[in-house]
Amino acid sequence: GENVEQHPSTLSVQEGDSAVIKCTYSDSASNYFPWYKQELGKRPQLIIDIRSNVGEKKDQRIAVTLNKTAKHFSLHITETQPEDSAVYFCAASTGANNLFFGTGTRLTVIP
Amino acid sequence: EAGVAQSPRYKIIEKRQSVAFWCNPISGHATLYWYQQILGQGPKLLIQFQNNGVVDDSQLPKDRFSAERLKGVDSTLKIQPAKLEDSAVYLCAGGSGTSWETQYFGPGTRLLVL
């Protein structure tokens, strides 16, 4: 099955700085890559996703890049704010809607 | 937000006891998923339903876990008997059933097995 690795496991940034989280996947058939944000004790919520037919997608301060050849994708958050503090999970799917999640990155934005 | 409902929110049981969780996805969502999220890890898929049929249960420990979605709407997940390592948050998610669907998660049930 698919194996998704995520780095770093923890990340601290100053407010206003950028944060980058990276994931790699093993199954070349994977073609859908969502990112979820999970605040403490709450449900995972989709923040952005990308399909394999594009290399980059942006939504305000959040962007995701995909390199299919290298089988890795990254989440970029610019101008970080304290409310961005949470655990972020990447995931990969072959399109059968079976998501394989990474192990998560705990992001702390220091005011 | 209105969306996926789960109950109970918390459950504490002793090992070897049985427990059941309930999920009601967003109206009209054809697919329903049960995930297990162990503390400090990402969610791991246990079972996927499309309407009332099982699509994928390859990661479900079938000797102790069972799930059903009889009418294609709400679903129950049961553990019998529970083990200490079953302590986790059990998340239910629903989706439209189309390719590359967004999965909407419920608040989860936090299970502690003593």
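Could you tell me which residue of the range B:17-41 is farthest from the other protein chains (Cβ to nearest Cβ), considering only residues that are part of a loop (DSSP other than H, G, I, E, B) and under 14 Å from the mean Cα position of the chain (by Cα)?
Selected residue: B:P25.
Does the range A:50-57 contain at least one residue that is free of Cβ contacts under 8 Å to residues at least 24 places away in the same chain, buried (at least 16 other Cβ atoms within 10 Å of the Cβ), within 12 Å of another protein chain (Cβ to nearest Cβ) and not small (G, A, S)?
yes
Among what's in the range B:79-103 and is charged (D, E, K, R) and surrounded by 14 or more Cβ atoms within 10 Å (Cβ to Cβ), pick the residue that is farthest from the other protein chains (Cβ to nearest Cβ).
B:D86
So the check is Cβ under 8 Å with 6+ separation or different chains; which pairs have a first residue in the range A:77-104 that's within 14 Å of chain B (Cβ to nearest Cβ) and within 16 Å of A:F33 (Cα to Cα) and a second one that's part of a loop (DSSP other than H, G, I, E, B) and of a type in the set (F, W, Y)?
What qualifies is A:S93/B:W100; A:G95/B:W100; A:N97/B:W100.
Please work out which one of (1) closer than 21 Å to B:R16 by Cα; (2) surrounded by fewer than 16 Cβ atoms within 10 Å (Cβ to Cβ) is the condition B:S66 fails and give its number.
Failing condition for B:S66: (2).
Between residues in the range A:1-27 that are without any contact (Cβ under 8 Å) to a residue 60 or more places away in the chain and residues that are basic (K, R), which pairs lie under 8 Å by C-beta distance while being six or more apart or on different chains?
Close Cβ pairs (under 8 Å, with a partner that is basic (K, R)) amount to A:T24/A:K71; A:S26/A:K71.
Which strands (runs of 3 or more DSSP E) sit wholly inside chain A and have at least 1 residues that are more than 14 Å from the chain's Cα centre (by Cα)?
It comes to A:10-14, A:105-110.
Laboratory data are not the source of any read-out in this text; all were calculated from the coordinates shown. Please read these numbers as outputs of a predicted model, since none were measured by experiment. Note: ideal-geometry Cβ built from the backbone for every residue, glycine included; neighbour counts use all protein chains shown.
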